[in-house]
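Quick notes on the structure that follows.
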Amino acid sequence: MKITDIEIKHYVIPLEPPFNAAWDPEPRKKFASTIVYIYTDEGHVGIGSGDLMLGFKGHENLFIGRDPFEIERHFQVLENIDLHYGRCWPVDLALWDLMGKATGKPVYKLLGGRSNKIDVYVSTGEMVAAETRAKQAVQFVEKGFKAMKIRFHHEDVNEDIKIVKAIRNAVGDKIEIMVDANQGWKMPWDTEVPWDLKKAYQVAKELEQLNVFWLEEPLPCHDFEGMAKLREMTGIRIAGGEMNRRMHDYREMNKHGSLDVYQSDVALTGGITGVKRVAEMVQGNGAWWSPHTWSNGIALMANLHLACAISDGPYVEYPFDPPTWTPERRDFVQANKIIAQDGAIVLSDKPGLGIELDEDALKKYEIDSVYLFGE
(Lines give C-alpha, C1' and ligand atoms only; values in the text may rest on other atoms or scores of the structure.)
Protein backbone atom coordinates (compact mmCIF):
# COMPACT_ATOMS: atom_id res chain seq x y z
CA MET A 1 0.00 0.00 0.00
CA LYS A 2 1.31 3.42 -0.97
CA ILE A 3 0.23 6.98 -0.15
CA THR A 4 -1.05 8.67 -3.31
CA ASP A 5 -2.17 12.09 -2.04
CA ILE A 6 -2.64 14.24 1.06
CA GLU A 7 -5.43 16.78 1.23
CA ILE A 8 -6.14 19.41 3.87
CA LYS A 9 -9.58 20.99 4.24
CA HIS A 10 -10.92 23.56 6.69
CA TYR A 11 -14.39 23.85 8.21
CA VAL A 12 -15.97 26.51 10.46
CA ILE A 13 -19.28 26.73 12.29
CA PRO A 14 -20.75 29.90 13.80
CA LEU A 15 -21.26 29.90 17.56
CA GLU A 16 -24.39 31.66 18.72
CA PRO A 17 -24.35 32.16 21.62
CA PRO A 18 -20.55 32.59 21.68
CA PHE A 19 -18.31 30.35 23.75
CA ASN A 20 -16.44 32.41 26.35
CA ALA A 21 -13.30 30.38 26.94
CA ALA A 22 -11.76 31.17 30.32
CA TRP A 23 -8.25 31.14 28.80
CA ASP A 24 -9.11 33.61 26.03
CA PRO A 25 -10.07 37.27 26.62
CA GLU A 26 -11.96 37.24 23.29
CA PRO A 27 -15.33 35.42 23.01
CA ARG A 28 -15.31 32.55 20.51
CA LYS A 29 -17.91 33.35 17.84
CA LYS A 30 -16.72 30.57 15.50
CA PHE A 31 -15.20 27.12 15.87
CA ALA A 32 -12.88 25.63 13.27
CA SER A 33 -11.83 22.09 12.43
CA THR A 34 -9.02 21.27 10.02
CA ILE A 35 -9.08 17.74 8.60
CA VAL A 36 -6.21 15.88 6.96
CA TYR A 37 -7.14 13.23 4.40
CA ILE A 38 -4.46 10.72 3.34
CA TYR A 39 -5.32 8.68 0.24
CA THR A 40 -3.79 5.34 -0.81
CA ASP A 41 -3.62 3.18 -3.90
CA GLU A 42 -5.73 0.53 -2.16
CA GLY A 43 -8.68 2.84 -1.56
CA HIS A 44 -8.21 3.37 2.17
CA VAL A 45 -8.44 6.97 3.39
CA GLY A 46 -6.90 8.03 6.71
CA ILE A 47 -8.41 10.92 8.65
CA GLY A 48 -6.73 13.14 11.24
CA SER A 49 -7.46 16.48 12.86
CA GLY A 50 -6.57 18.72 15.78
CA ASP A 51 -4.31 21.55 14.64
CA LEU A 52 -4.25 23.99 11.74
CA MET A 53 -1.50 22.29 9.68
CA LEU A 54 0.33 25.60 9.19
CA GLY A 55 3.57 25.04 7.30
CA PHE A 56 2.69 21.64 5.86
CA LYS A 57 1.91 22.82 2.33
CA GLY A 58 4.77 21.90 0.01
CA HIS A 59 5.85 18.90 2.10
CA GLU A 60 3.34 16.40 0.72
CA ASN A 61 6.04 14.92 -1.51
CA LEU A 62 7.86 13.69 1.61
CA PHE A 63 5.03 11.19 2.16
CA ILE A 64 3.54 10.47 -1.26
CA GLY A 65 4.74 7.14 -2.64
CA ARG A 66 5.64 5.83 0.84
CA ASP A 67 4.05 3.00 2.81
CA PRO A 68 1.82 4.37 5.61
CA PHE A 69 3.26 1.71 7.93
CA GLU A 70 6.69 3.42 7.90
CA ILE A 71 5.43 5.25 10.99
CA GLU A 72 8.80 5.86 12.66
CA ARG A 73 10.17 7.42 9.47
CA HIS A 74 7.04 9.57 9.09
CA PHE A 75 7.31 10.65 12.73
CA GLN A 76 10.85 11.90 12.14
CA VAL A 77 9.75 13.95 9.13
CA LEU A 78 6.87 15.47 11.09
CA GLU A 79 9.21 16.29 13.97
CA ASN A 80 11.51 18.08 11.52
CA ILE A 81 8.55 20.05 10.14
CA ASP A 82 7.52 20.90 13.71
CA LEU A 83 10.93 22.47 14.33
CA HIS A 84 10.86 24.58 11.17
CA TYR A 85 7.16 25.41 10.78
CA GLY A 86 3.99 24.31 12.59
CA ARG A 87 2.50 21.40 14.48
CA CYS A 88 1.39 18.99 11.76
CA TRP A 89 0.67 16.00 14.00
CA PRO A 90 -2.81 15.36 12.52
CA VAL A 91 -0.85 13.61 9.75
CA ASP A 92 0.31 11.06 12.32
CA LEU A 93 -3.28 10.52 13.47
CA ALA A 94 -4.38 9.97 9.87
CA LEU A 95 -1.56 7.45 9.38
CA TRP A 96 -2.68 5.46 12.42
CA ASP A 97 -6.26 5.63 11.15
CA LEU A 98 -4.97 4.24 7.84
CA MET A 99 -3.05 1.42 9.51
CA GLY A 100 -6.16 0.44 11.44
CA LYS A 101 -8.32 0.45 8.33
CA ALA A 102 -5.74 -1.55 6.36
CA THR A 103 -5.56 -4.24 9.06
CA GLY A 104 -9.25 -4.16 9.98
CA LYS A 105 -8.47 -3.31 13.62
CA PRO A 106 -9.23 -0.32 15.88
CA VAL A 107 -6.18 1.78 16.71
CA TYR A 108 -6.31 0.97 20.43
CA LYS A 109 -5.75 -2.70 19.59
CA LEU A 110 -2.78 -1.86 17.38
CA LEU A 111 -1.33 0.06 20.34
CA GLY A 112 -1.70 -2.71 22.90
CA GLY A 113 -5.41 -3.04 23.49
CA ARG A 114 -5.49 -2.93 27.30
CA SER A 115 -9.16 -1.92 27.31
CA ASN A 116 -11.88 -0.43 25.14
CA LYS A 117 -13.39 1.58 27.99
CA ILE A 118 -12.11 4.51 30.06
CA ASP A 119 -13.59 6.89 32.61
CA VAL A 120 -13.68 10.55 31.62
CA TYR A 121 -13.86 13.77 33.56
CA VAL A 122 -16.15 16.60 32.49
CA SER A 123 -13.96 19.50 31.39
CA THR A 124 -15.82 22.81 31.58
CA GLY A 125 -14.47 25.81 29.73
CA GLU A 126 -16.24 28.98 30.82
CA MET A 127 -16.24 31.00 34.01
CA VAL A 128 -19.74 31.11 35.45
CA ALA A 129 -21.27 32.05 38.78
CA ALA A 130 -20.56 29.72 41.70
CA GLU A 131 -24.23 28.86 42.08
CA THR A 132 -24.51 27.93 38.40
CA ARG A 133 -21.45 25.68 38.50
CA ALA A 134 -22.65 24.02 41.71
CA LYS A 135 -26.02 23.19 40.14
CA GLN A 136 -24.23 21.82 37.12
CA ALA A 137 -22.04 19.64 39.35
CA VAL A 138 -25.18 18.06 40.79
CA GLN A 139 -26.32 17.29 37.23
CA PHE A 140 -22.94 15.76 36.38
CA VAL A 141 -23.18 13.46 39.39
CA GLU A 142 -26.67 12.42 38.30
CA LYS A 143 -25.28 11.58 34.84
CA GLY A 144 -22.71 9.26 36.41
CA PHE A 145 -19.57 11.38 36.07
CA LYS A 146 -16.98 10.79 38.78
CA ALA A 147 -14.85 13.89 38.14
CA MET A 148 -15.09 17.41 36.73
CA LYS A 149 -12.70 20.26 35.97
CA ILE A 150 -13.27 23.99 36.32
CA ARG A 151 -11.23 26.96 35.11
CA PHE A 152 -9.68 29.72 37.20
CA HIS A 153 -9.26 33.18 35.70
CA HIS A 154 -10.89 35.81 37.88
CA GLU A 155 -8.78 38.84 38.69
CA ASP A 156 -9.18 37.89 42.35
CA VAL A 157 -8.38 34.19 42.71
CA ASN A 158 -10.55 34.06 45.86
CA GLU A 159 -13.56 34.35 43.54
CA ASP A 160 -12.37 31.19 41.79
CA ILE A 161 -11.88 29.36 45.06
CA LYS A 162 -15.47 30.24 46.03
CA ILE A 163 -16.63 28.15 43.05
CA VAL A 164 -14.76 25.10 44.33
CA LYS A 165 -16.32 25.59 47.76
CA ALA A 166 -19.79 25.90 46.21
CA ILE A 167 -19.31 22.62 44.33
CA ARG A 168 -18.10 20.86 47.49
CA ASN A 169 -21.10 22.16 49.42
CA ALA A 170 -23.46 20.98 46.69
CA VAL A 171 -22.13 17.46 46.05
CA GLY A 172 -19.70 16.71 48.85
CA ASP A 173 -17.26 13.97 47.87
CA LYS A 174 -19.52 12.50 45.18
CA ILE A 175 -17.29 13.96 42.47
CA GLU A 176 -13.57 14.65 42.15
CA ILE A 177 -12.70 18.26 41.32
CA MET A 178 -9.81 19.32 39.10
CA VAL A 179 -8.77 22.97 38.73
CA ASP A 180 -7.14 24.43 35.61
CA ALA A 181 -5.31 27.67 36.37
CA ASN A 182 -4.47 28.21 32.66
CA GLN A 183 -1.11 29.78 33.49
CA GLY A 184 0.93 27.51 31.22
CA TRP A 185 0.55 29.43 27.95
CA LYS A 186 -1.25 32.44 26.48
CA MET A 187 -3.23 33.33 23.39
CA PRO A 188 -1.23 35.63 21.07
CA TRP A 189 -3.06 38.76 22.26
CA ASP A 190 -3.02 37.91 25.99
CA THR A 191 -0.33 39.92 27.80
CA GLU A 192 -1.48 39.20 31.36
CA VAL A 193 1.39 38.33 33.72
CA PRO A 194 1.21 34.64 34.79
CA TRP A 195 1.37 33.43 38.40
CA ASP A 196 4.71 33.08 40.14
CA LEU A 197 5.69 30.21 42.45
CA LYS A 198 4.48 31.90 45.64
CA LYS A 199 1.03 32.66 44.27
CA ALA A 200 0.75 29.14 42.85
CA TYR A 201 1.70 27.76 46.27
CA GLN A 202 -0.89 29.90 48.08
CA VAL A 203 -3.63 28.71 45.73
CA ALA A 204 -2.48 25.09 45.94
CA LYS A 205 -2.65 25.12 49.74
CA GLU A 206 -6.22 26.45 49.64
CA LEU A 207 -7.24 23.80 47.12
CA GLU A 208 -5.54 21.07 49.10
CA GLN A 209 -7.91 21.83 51.99
CA LEU A 210 -10.81 21.36 49.60
CA ASN A 211 -9.52 17.95 48.49
CA VAL A 212 -9.01 19.04 44.89
CA PHE A 213 -7.79 16.16 42.73
CA TRP A 214 -5.21 18.12 40.75
CA LEU A 215 -4.10 21.68 39.98
CA GLU A 216 -3.38 22.14 36.29
CA GLU A 217 -0.92 24.58 34.73
CA PRO A 218 -0.27 26.73 37.80
CA LEU A 219 2.99 28.04 36.27
CA PRO A 220 4.36 28.75 32.76
CA CYS A 221 4.85 25.53 30.80
CA HIS A 222 8.66 25.82 30.64
CA ASP A 223 9.18 26.49 34.35
CA PHE A 224 10.26 22.91 34.95
CA GLU A 225 12.08 23.65 38.22
CA GLY A 226 9.26 25.83 39.56
CA MET A 227 6.68 23.09 39.03
CA ALA A 228 8.99 20.57 40.71
CA LYS A 229 9.36 22.89 43.71
CA LEU A 230 5.59 23.37 43.87
CA ARG A 231 5.12 19.58 43.93
CA GLU A 232 7.45 19.41 46.93
CA MET A 233 5.68 22.27 48.72
CA THR A 234 2.14 20.88 48.52
CA GLY A 235 0.35 17.55 48.61
CA ILE A 236 -1.95 18.35 45.69
CA ARG A 237 -1.18 16.76 42.32
CA ILE A 238 0.32 19.10 39.72
CA ALA A 239 -0.71 18.62 36.09
CA GLY A 240 0.46 20.19 32.83
CA GLY A 241 2.44 19.81 29.64
CA GLU A 242 -0.41 20.02 27.15
CA MET A 243 1.30 22.55 24.85
CA ASN A 244 4.96 21.61 25.27
CA ARG A 245 6.12 20.73 21.79
CA ARG A 246 9.38 18.78 21.92
CA MET A 247 10.49 15.49 23.49
CA HIS A 248 13.25 17.49 25.18
CA ASP A 249 10.64 19.29 27.28
CA TYR A 250 9.16 16.03 28.55
CA ARG A 251 12.57 14.51 29.26
CA GLU A 252 13.46 17.59 31.32
CA MET A 253 10.16 17.56 33.19
CA ASN A 254 10.55 13.86 33.85
CA LYS A 255 14.12 14.40 35.09
CA HIS A 256 13.12 17.25 37.41
CA GLY A 257 9.94 15.52 38.60
CA SER A 258 7.91 18.54 37.49
CA LEU A 259 4.48 16.93 37.25
CA ASP A 260 2.27 14.26 38.72
CA VAL A 261 0.04 14.28 35.62
CA TYR A 262 1.40 14.76 32.09
CA GLN A 263 -1.16 15.99 29.58
CA SER A 264 0.54 15.82 26.18
CA ASP A 265 -2.11 15.80 23.44
CA VAL A 266 -1.62 13.55 20.41
CA ALA A 267 -3.11 16.22 18.13
CA LEU A 268 -0.77 18.98 19.29
CA THR A 269 2.52 17.54 20.48
CA GLY A 270 3.90 14.44 18.83
CA GLY A 271 0.98 12.53 17.42
CA ILE A 272 0.12 9.07 18.68
CA THR A 273 3.64 7.90 17.84
CA GLY A 274 5.44 10.56 19.90
CA VAL A 275 3.02 10.83 22.81
CA LYS A 276 3.14 7.06 23.31
CA ARG A 277 6.86 7.52 24.06
CA VAL A 278 6.12 10.36 26.48
CA ALA A 279 3.42 8.38 28.29
CA GLU A 280 5.60 5.32 28.69
CA MET A 281 8.52 7.41 29.93
CA VAL A 282 6.61 9.34 32.61
CA GLN A 283 4.53 6.39 33.72
CA GLY A 284 7.75 4.44 34.16
CA ASN A 285 8.74 7.18 36.61
CA GLY A 286 5.52 6.87 38.62
CA ALA A 287 3.51 9.72 37.06
CA TRP A 288 0.24 9.56 35.14
CA TRP A 289 -0.42 10.39 31.51
CA SER A 290 -3.90 11.84 31.05
CA PRO A 291 -4.14 13.76 27.78
CA HIS A 292 -5.44 17.23 27.11
CA THR A 293 -8.22 16.87 24.51
CA TRP A 294 -9.64 20.33 23.95
CA SER A 295 -9.84 20.55 20.14
CA ASN A 296 -12.48 18.49 18.31
CA GLY A 297 -13.98 15.02 18.34
CA ILE A 298 -11.44 13.48 15.96
CA ALA A 299 -8.56 14.52 18.22
CA LEU A 300 -10.52 13.43 21.28
CA MET A 301 -11.03 10.02 19.70
CA ALA A 302 -7.33 9.67 18.91
CA ASN A 303 -6.39 10.48 22.51
CA LEU A 304 -8.99 8.00 23.76
CA HIS A 305 -7.49 5.21 21.65
CA LEU A 306 -4.01 5.76 23.06
CA ALA A 307 -5.33 6.19 26.61
CA CYS A 308 -7.36 2.97 26.44
CA ALA A 309 -4.25 1.16 25.22
CA ILE A 310 -1.61 2.37 27.68
CA SER A 311 -2.71 5.01 30.23
CA ASP A 312 -2.29 4.38 33.95
CA GLY A 313 -4.32 7.50 34.73
CA PRO A 314 -7.87 7.17 36.06
CA TYR A 315 -9.50 9.68 33.69
CA VAL A 316 -9.34 11.31 30.26
CA GLU A 317 -10.56 14.83 29.56
CA TYR A 318 -14.05 15.16 28.06
CA PRO A 319 -14.85 18.74 26.94
CA PHE A 320 -18.45 19.40 27.91
CA ASP A 321 -19.96 22.64 29.21
CA PRO A 322 -23.59 22.93 28.15
CA PRO A 323 -25.22 24.91 26.72
CA THR A 324 -22.22 26.63 25.07
CA TRP A 325 -19.95 23.59 24.59
CA THR A 326 -21.63 20.36 23.55
CA PRO A 327 -20.89 17.33 21.34
CA GLU A 328 -22.95 19.01 18.60
CA ARG A 329 -20.47 21.88 18.50
CA ARG A 330 -17.27 20.03 19.39
CA ASP A 331 -17.91 17.15 16.96
CA PHE A 332 -19.71 19.05 14.21
CA VAL A 333 -17.68 17.37 11.43
CA GLN A 334 -18.69 13.90 12.67
CA ALA A 335 -21.83 11.89 12.17
CA ASN A 336 -20.97 9.80 15.25
CA LYS A 337 -20.77 12.30 18.11
CA ILE A 338 -18.80 11.18 21.15
CA ILE A 339 -21.24 10.82 24.05
CA ALA A 340 -20.14 9.71 27.49
CA GLN A 341 -22.40 7.23 29.26
CA ASP A 342 -22.27 6.86 33.06
CA GLY A 343 -19.04 8.85 33.14
CA ALA A 344 -17.20 6.63 30.64
CA ILE A 345 -16.58 6.18 26.93
CA VAL A 346 -16.52 2.79 25.24
CA LEU A 347 -14.62 2.57 21.95
CA SER A 348 -16.11 0.57 19.11
CA ASP A 349 -14.26 -2.13 17.18
CA LYS A 350 -14.52 -0.18 13.91
CA PRO A 351 -11.20 -0.17 12.04
CA GLY A 352 -8.89 2.81 12.58
CA LEU A 353 -10.08 5.64 14.79
CA GLY A 354 -13.74 4.81 14.07
CA ILE A 355 -14.58 8.29 12.76
CA GLU A 356 -17.69 8.73 10.61
CA LEU A 357 -17.72 12.12 8.90
CA ASP A 358 -20.94 14.10 8.46
CA GLU A 359 -20.87 14.77 4.72
CA ASP A 360 -23.71 17.29 4.88
CA ALA A 361 -21.89 19.31 7.55
CA LEU A 362 -18.65 19.20 5.57
CA LYS A 363 -20.36 20.63 2.50
CA LYS A 364 -22.14 23.31 4.51
CA TYR A 365 -19.20 24.54 6.59
CA GLU A 366 -16.15 24.17 4.34
CA ILE A 367 -14.05 27.32 3.83
CA ASP A 368 -11.22 28.02 1.40
CA SER A 369 -8.40 28.73 3.86
CA VAL A 370 -7.41 28.20 7.46
CA TYR A 371 -9.41 30.08 10.11
CA LEU A 372 -7.32 31.71 12.84
CA PHE A 373 -8.62 32.62 16.30
CA GLY A 374 -9.45 36.30 16.50
CA GLU A 375 -10.63 36.67 12.90
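Here are some notes:
- With respect to the stated conditions, D265 is closer than 19 Å to P319 by Cα and either in a strand (DSSP E or B) or not hydrophobic (A, V, I, L, M, F, W, C) (or both).
- Any chance G286 is more than 28 Å from M127 (Cβ to Cβ) and either assigned to a strand (DSSP E or B) or without any contact (Cβ under 8 Å) to a residue 12 or more places away in the chain (or both): yes
- The listed residue being under 22 Å from D92 (Cβ atoms), among the hydroxyl-bearing types (S, T, Y) and either modelled with pLDDT under 95 or open to solvent by 10 Å² or more (accessible area, probe 1.4 Å) (or both), out of S295, S264: S295
- Restricting region 309-334 to residues that are of a type in the set (A, V, I, L, M, F, W, C) and outside any helix (DSSP H, G or I) leaves a set whose member that is farthest from K30 (Cα to Cα) is V316.
- Test for A94: is it of a type in the set (A, V, I, L, M), open to solvent by less than 10 Å² (accessible area, probe 1.4 Å) and either in a helix (DSSP H, G or I) or under 14 Å from M1 (Cα atoms) (or both): yes
Yes or no, residue by residue, for (1) touching a Gly at 6+ places or on another chain (Cβ under 9 Å); (2) part of a helix (DSSP H, G or I):
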residue: H292; (1), (2): yes, no
residue: A307; (1), (2): yes, yes
residue: N336; (1), (2): yes, no
residue: K350; (1), (2): yes, no
residue: I355; (1), (2): yes, no
residue: F373; (1), (2): no, no
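- Selection from region 14-44 of residues that are of a type in the set (A, V, I, L, M, F, W, C), farther than 23 Å from C88 by Cβ and in a strand (DSSP E or B): L15, F19
- On inspection, F31 fails the criterion of being more than 18 Å from the chain's Cα centre (by Cα) and crowded, with 16+ Cβ neighbours inside 10 Å.
- Failed item in (1) touching a strand residue (DSSP E or B) at 6+ places or on another chain (Cβ under 9 Å); (2) surrounded by fewer than 22 Cβ atoms within 10 Å (Cβ to Cβ); (3) closer than 26 Å to I38 by Cβ, with D360 passing the rest: (1)
- Criterion applied to I81, I118 was being under 24 Å from D349 (Cα atoms) and of a type in the set (A, V, I, L, M, F, W, C), and the one residue passing it is I118.
- Of all residues in region 222-256, those satisfying the criterion of being open to solvent by 20 Å² or more (accessible area, probe 1.4 Å) and either touching a Phe, Trp or Tyr at 6+ places or on another chain (Cβ under 6 Å) or within 13 Å of M281 (Cβ to Cβ) (or both) are M233, R237, M243, M247, H248, R251, E252, N254, K255, H256.
- Note on region 1-17: residues that are in contact (Cβ under 8 Å) with a residue 40 or more places away in the chain, under 26 Å from G48 (Cα atoms) and not aliphatic (A, V, I, L, M) total 6.
- Against the criterion of being more than 11 Å from the chain's Cα centre (by Cα) and in a helix (DSSP H, G or I), M301 does not qualify.
- The residues on offer are V141, V77, and the sole one that is modelled with pLDDT of 95 or more, part of a helix (DSSP H, G or I) and in contact with a Lys or Arg (Cβ under 7 Å, 6 or more places away or on another chain) is V141.
The values are calculated or read from the model by the stated rules, or taken from the named source; none is laboratory data. Just so it is clear, the structure is predicted and the values come from calculations on it, not from any experiment. Note: ideal-geometry Cβ built from the backbone for every residue, glycine included; neighbour counts use all protein chains shown. Just the protein is used for accessible areas: all its heavy atoms, side chains included, with ligands, DNA and RNA removed. Shrake-Rupley method; radii C 1.70, N 1.55, O 1.52, S 1.80 Å.
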